Amino acid sequence: MDGWLRLAAAPTFAWMAGISAAGSPATMMCSAVPAFVPINDMALMYLLMSLFHLSAWLKFLSGRLRGRSAPTTQTEGD
């Protein structure tokens with residue numbers, strides 16, 4: 001269960017970043033400081049959190065790929 005929870009974090013934060021970026025463009029107008037990216041601060045935070053939690057997916061996929069590339073040994077009668 002713990003492994004599945006780790007895998008749920010990255011897509012959830014990516015989804016929240018998309019929702020925040022599309023949500024309210026008016027918040028950019030309220031800021032006195034010019035933005036260096038075309039998305040708002042919350043979307044940037046969620047995007048960074050998603051990238052941080054991407055390591056669980058990379059470990060999961062590398063384990064699956066490693067399992068596929070392992071040679072299978074056949075014994076007599078197989």
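The values are calculated or read from the model by the stated rules, or taken from the named source; none is laboratory data. Small disclaimer: the values here were computed from a predicted structure and weren't measured. Glycine gets a Cβ as well: all are built from the backbone with ideal geometry, and neighbour counts include every protein chain shown. Ligands, DNA and RNA are stripped out before the accessible areas are found, and what is left, the full protein with its side chains, is counted by its heavy atoms. Shrake-Rupley method; radii C 1.70, N 1.55, O 1.52, S 1.80 Å.
Here are a few things to note about the model shown:
- Looking only at the stretch 2-28, and only at residues there that are at pLDDT below 70 and in a helix (DSSP H, G or I), the one that is most open to solvent (accessible area, probe 1.4 Å): 2
- Yes/no for residue 61 being surrounded by 13 or more Cβ atoms within 10 Å (Cβ to Cβ), among the aliphatic types (A, V, I, L, M) and at pLDDT 85 or above: no
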